[in-house]
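Colleague: Here it is, the structure in full.
The values are calculated or read from the model by the stated rules, or taken from the named source; none is laboratory data. Owing to the predicted nature of the structure, the values given are computational and were not obtained by experimental measurement. Cβ placement follows ideal geometry from the backbone for every residue including glycine, while neighbour counts extend to all protein chains displayed.
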Amino acid sequence: MPAEQGPPDFSSRLVRWQRLHGRHGLPWQVRDPYRVWLSEIMLQQTQVAVVAGYFVRFIARFPTVQALAAASPDAVLAAWSGLGYYQRARHLHRCAQIVVEAHGGAFPQTAAMLATLPGIGPSTAAAIAAFCFDERAAILDGNVQRVLCRSHGIDDPVPAAATTRRLWALAHSLLPEANDIAAYTQGLMDLGATVCKPRQPLCMQCPFETDCRARRAGDPQRLPVRKPARSARPQRSTVMLWLRSLPHGQTWLERRPSQGIWPGLWSLPQFDDTEQATVFAAQFGRIVSQRELPTFRHVFTHFELTARPLLIDLHATQQAAEMPGQWLSLAQAEQLGLPAPVRGLLLQPIAAIPADPAPPRAALQG
């Protein structure tokens, strides 16, 4: 496919701009493929400002790919907790194990080989290969799609398959020589994240201000054209049972199934209504008190969840050993992979554990 008509000298101008105005000094801007790979996975669906702190803490806990491969799944999920999209963490862990077991702890040096590892798609593989091994490989994440659509006037809908193929061909055609590939790749990322933003792009700061086709058309924010939006997210609701065992206040947690929301993480049991939650709690022993906590909402990709936390304190009996789950202190729970809203709920300041009043009339006895 011939190159699209866009700004001349695209790659050389972008490289010059990046060296003068791009982002420098980020903790993952090194030639260590472990750190570059980790940052690229974290930055999927997540902004740099959020990732920076997580990245530093993650590296402190797992400084090498060998350390990550040897870690338990719970330790990895705990370090990831709050970044969301937890399938990324499971792929990250499995990828580290494969790098250690099949590649002697050294990451493959080509985009084609990197893309065979779990959780590494073509664009991520290309970024690692470009930054660490100077391979002339093209990236095409969301920021890059926006830059190319605007600079080259591509108004076909994204992410339609035909448009994606067209953008990949364009991305390959624009690649500079190998000695500039790292600055060019970083420049695409920087331009999309800091200047060619989805809304209110800073066109006056762009190296292509004078010949960007979208800018010359007078409405750069119109591109890229998105497919018609889906209907509003479906709404779901749940009662989230925070069950505490007196006198020490341990919390009952269960591991989520491997499929569905928060797969593989530890979480509070969920029920359709308060009655179901109370019946479940009564199986553990004598209920001392129960109260509803403030409702919160959590937005997933395909639906919104309204959670109604129900705090029940009880004196647990030996029956608890037969139930699927585990009593854990909050300190122990913090070391596990917890969904961000559950972690926030458990760590919020709440009233002290009650002494031992008479059970409320609404509570069921075990």
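Colleague: Which one of these is within 23 Å of the chain's Cα centre (by Cα) and not hydroxyl-bearing (Ser, Thr, Tyr): GLN200, GLN235?
Modeller: From the options GLN200, GLN235, the qualifying one is GLN235.
Quick grid of which residues meet (1) in contact with an Asp or Glu (Cβ under 7 Å, 6 or more places away or on another chain); (2) among the hydroxyl-bearing types (Ser, Thr, Tyr); (3) crowded, with 20+ Cβ neighbours inside 10 Å:
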{"site": "PRO33", "(1), (2), (3)": "no, no, yes"}
{"site": "THR46", "(1), (2), (3)": "no, yes, no"}
{"site": "ALA49", "(1), (2), (3)": "no, no, no"}
{"site": "GLN66", "(1), (2), (3)": "no, no, no"}
{"site": "SER72", "(1), (2), (3)": "no, yes, no"}
{"site": "LEU77", "(1), (2), (3)": "no, no, yes"}
{"site": "GLN87", "(1), (2), (3)": "no, no, no"}
{"site": "ARG90", "(1), (2), (3)": "no, no, no"}
{"site": "ARG94", "(1), (2), (3)": "no, no, no"}
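Colleague: Out of the residues in the range 146-188 meeting the condition of being of a type in the set (D, E, K, R) and under 27 Å from the mean Cα position of the chain (by Cα), tell me which one is nearest to GLY22 (Cα to Cα).
Modeller: ARG146
Colleague: Moving to a separate point now. Return the residues of the range 195-229 that are buried (at least 17 other Cβ atoms within 10 Å of the Cβ) and within 30 Å of PRO33 (Cα to Cα); say none if nothing qualifies.
Modeller: Residues satisfying the conditions are VAL195, CYS196, CYS206, PRO207.
Colleague: Identify all residues within the range 24-76 that are within 20 Å of ALA130 (Cα to Cα), touching a helix residue (DSSP H, G or I) at 6+ places or on another chain (Cβ under 8 Å) and of a type in the set (Gly, Ala, Ser); write none if there are none.
Modeller: Within the range 24-76, SER39 is the sole residue that qualifies.
Colleague: Still on this structure: Can you find a residue in the range 57-68 that is assigned by TED's automatic domain parsing to the domain that holds ASP134, touching a residue at least 60 places away in the same chain (Cβ under 8 Å) and either more than 30 Å from LEU167 (Cβ to Cβ) or aliphatic (A, V, I, L, M) (or both)?
Modeller: No.
Colleague: I'd like the residue in the range 35-50 that is within 16 Å of ASP190 (Cβ to Cβ) and of a type in the set (A, V, I, L, M, F, W, C) and, out of all such residues, is nearest to the chain's Cα centre (by Cα).
Modeller: LEU43
Colleague: Additional query: Looking at ARG256 and the list (1) under 31 Å from the mean Cα position of the chain (by Cα); (2) of a type outside the set (A, V, I, L, M, F, W, C); (3) modelled with pLDDT of 95 or more, which single condition is not satisfied?
Modeller: Condition not satisfied by ARG256: (3).
Colleague: Here's a follow-up. Looking only at the range 210-242, how many residues end up being part of a strand (DSSP E or B) and either closer than 21 Å to HIS298 by Cα or of a type in the set (Ser, Thr, Tyr) (or both)? Outline the logic, then answer.
Modeller: Step one: list which residues in the range 210-242 are part of a strand (DSSP E or B), which gives 226, 235-242.
Subset that is either closer than 21 Å to HIS298 by Cα or of a type in the set (Ser, Thr, Tyr) (or both): 235-242.
Number of matching residues: 8.
Colleague: If SER245 satisfies all but one of (1) outside the structural domain of ASP313 (by TED's automatic domain parsing); (2) farther than 26 Å from HIS298 by Cα; (3) among the polar types (S, T, N, Q), what's the number of the condition it fails?
Modeller: (1)
Colleague: Another question about this same structure. In this structure, is PRO247 touching a residue at least 12 places away in the same chain (Cβ under 8 Å), over 30 Å from ALA162 (Cβ atoms), part of a loop (DSSP other than H, G, I, E, B) and over 29 Å from the mean Cα position of the chain (by Cα)? Steps first, please.
Modeller: Numbers: touching a residue at least 12 places away in the same chain (Cβ under 8 Å): yes; over 30 Å from ALA162 (Cβ atoms): yes; part of a loop (DSSP other than H, G, I, E, B): yes; over 29 Å from the mean Cα position of the chain (by Cα): yes.
Judged against the criteria, PRO247 is a match.
Colleague: So the check is Cβ under 7 Å with 6+ separation or different chains; which pairs have a first residue in the range 119-134 that's under 15 Å from TYR184 (Cα atoms) and a second one that's modelled with pLDDT of 95 or more and hydroxyl-bearing (Ser, Thr, Tyr)?
Modeller: Pairs found: ALA127/THR185; ALA129/THR110; ALA130/THR185; PHE131/THR185.
Colleague: Sort out which residues of the range 177-197 are modelled with pLDDT of 95 or more, out of contact with any Cys (no Cβ under 9 Å at 6 or more places or on another chain) and outside any helix (DSSP H, G or I), and write them in order of number.
Modeller: If the condition is that a residue be modelled with pLDDT of 95 or more, out of contact with any Cys (no Cβ under 9 Å at 6 or more places or on another chain) and outside any helix (DSSP H, G or I), then LYS197 is the only one that fits.
Colleague: Continuing with the same structure: If we keep just the residues of the range 285-336 that are exposed (fewer than 11 other Cβ atoms within 10 Å of the Cβ), over 23 Å from THR274 (Cβ atoms) and not hydrophobic (A, V, I, L, M, F, W, C), which is modelled with the highest pLDDT?
Modeller: Across the range 285-336, the extreme among qualifying residues is HIS302.
Colleague: Here is a further query. Looking only at helices (runs of 4 or more DSSP H) that fall completely inside the range 58-162, which ones have 3 or more residues that are modelled with pLDDT of 95 or more and under 30 Å from PRO228 (Cβ atoms)?
Modeller: Numbers: elements: 65-70, 73-80, 87-103, 111-114, 122-133, 142-151.
So the answer is 122-133, 142-151.
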